[in-house]
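Visitor: Below you will find the structure I want to go over with you.
Where a number appears in this text, it was derived from the coordinates with a stated rule and is not lab data. No experiment lies behind these values; they were computed from the predicted model shown. Every residue, glycine as well, gets a Cβ built from its backbone with ideal geometry; the counts of neighbours run over all protein chains shown.
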2 protein chains.
Amino acid sequence: MTHHTQIVDEPTLLEIAASGALEGSTRRYEKHIGEMAGVYLDDAAWRATLAENGADHLVYSVNEQKYQEGPGALTIGTSTLLPGRYGSEFAVTRGHLHQISDRAELYYCLSGKGVMLLETADGDCSAVELTPGKAVNVPGQWIHRSVNVGDEPFVTLFCYAADAGQNYGIIGDAGGMKHLVVSDGDGWTTIPNPRHRGYTREAAA
Amino acid sequence: MTHHTQIVDEPTLLEIAASGALEGSTRRYEKHIGEMAGVYLDDAAWRATLAENGADHLVYSVNEQKYQEGPGALTIGTSTLLPGRYGSEFAVTRGHLHQISDRAELYYCLSGKGVMLLETADGDCSAVELTPGKAVNVPGQWIHRSVNVGDEPFVTLFCYAADAGQNYGIIGDAGGMKHLVVSDGDGWTTIPNPRHRGYTREAAA
């Protein structure tokens, strides 16, 4: 994971490319295949990709601008999730609930074809397909993950309160999200994740 | 002004067109030339447009989705500012400081060519040109207004905390913003607004 952080307090131009390149960003991080252990149901398929491409094979990258720390500040950035398949399961980001769980998040698709997979600890679920020009306003309390169901990078512009934070553990503690996004002929569908043990209400509180 | 409001609490697909059309919006409002009295320096030019086009002539429209009221909620929408000139001054939105003044706002340009004019009560100022793919993260405490410096509608995608509110009065009380965006040959520039009386710190507090 590569980190580079700085804080600015003036209005700053952001140049946002459909590729996810972000001029004006203050931080970039990358997730590689070696950091995705246990994320995909088909562990053998994950290991095969790891062996073939090496642990540093890029899965997704995030460029973001966080200009200040105050309660009203917004973090704005791009997420670029490369295409991939692990058995029938499409490439995903780790997914998260916000640490301050009522914080919403905008995802606006810049390029590619993806799904925002959304679940609550109460058992609600939703899967929203995103292509360029489509967006989703992810409400507070919804655990969410990007899934690339296309052949090109799936790139989104995101925006959320800078104080929101990310709770990644809630998904790992539950044995993964309740649903998986898998191939269905030329398209995609969701199926139950047999390893899912239920979300703990404590983690979501 | 046309209002239509509803509240939803589920993740909802938004379809955002470069024209500013927003499928999934919960509210739309419009500002017409008859509602822009006192906004432009050249009052005679404003009156001439009013006489020629009628008070209902559209200046800008906003489509937005506000799905819930909580502190973490985000309002997401599009602003479409039509091209226009009043003497040398370009068409503008009313402009505002957020009622909760530390709330930031994302503006991402979808089409056209515009300027985000930004000022603080402390005397800082900035003007950021926006064309498709460019964006600005407007920090808290910055009074801001969209200006259309092109020949086509200037359309932005915006995102801000749903509790932010808008303080429009701070600009009117000051005799307008400190700067005007005016034509400069084929381009634009900013000049001091001779009617500006200074922002009151009380209004910005």
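Visitor: Which angle from 0 to 90°, rounded to the nearest 10, does the C-alpha axis of helix B:43-53 make with the longest principal axis of chain B?
Guide: 60
Visitor: Can you sort A:Ser61, B:Ser183 from fewest to most other Cβ atoms within 10 Å of each residue's own Cβ?
Guide: Fewest-to-most Cβ neighbours within 10 Å comes out as B:Ser183, A:Ser61.
Visitor: How many percent of all Cα-Cα pairs in the range B:20-74 sit more than 15 Å apart?
Guide: On the way: 871 of 1485 pairs.
Everything past 15 Å amounts to 59 percent.
Visitor: Would you mind telling me which residue in A:Thr12, A:Thr26, A:Thr156 has the biggest mean-square fluctuation in a Gaussian network model of chain A, where springs connect alpha carbons within a distance under 10 angstrom?
Guide: Of the options given, A:Thr12 has the highest mean-square fluctuation.
Visitor: Across 10 Å bins from 0, what is the distribution of all Cα-Cα pair distances for the protein assembly as shown, in whole percents?
Guide: 5, 22, 31, 22, 12, 6, 2, 0
Visitor: In this model, which of A:Lys113/B:Lys134; A:Lys66/B:Lys134; A:Lys134/B:Lys178; B:Lys31/B:Lys134; A:Lys31/A:Lys66 are farther than 28 Å apart at the alpha-carbon?
Guide: A:Lys134/B:Lys178
Visitor: Give me D for the range A:9-102 in µm² s⁻¹, whole number, from Stokes-Einstein with Rh from the Kirkwood sum over alpha-carbon pairs, 10 °C and 1.306 mPa s.
Guide: Here the translational diffusion coefficient equals 104 µm²/s.
Visitor: Along the Cα→Cβ direction, 7 angstrom out, place labels at B:Arg195 and A:Thr200. What is the inter-label distance in nm?
Guide: Output for this residue pair reads 6.2 nm.
Visitor: Also: Rounded to whole Å, how close does chain B get to the rotation axis onto A by Cβ? Give me the residue too, please?
Guide: That would be B:Cys159, 2, residue then distance in Å.
Visitor: Per residue, how big is the convex hull of the range A:15-204 when only Cα atoms are used? Give it in Å³. Working shown, then result.
Guide: Working: hull volume 21.0 nm³, N = 190.
Per-residue hull volume (Cα only) is 111 Å³.
Visitor: Restricting attention to the range A:86-156, which GluC sites (Glu not before Pro) occupy a DSSP loop and are surrounded by at most 15 other Cβ atoms within 10 Å?
Guide: none
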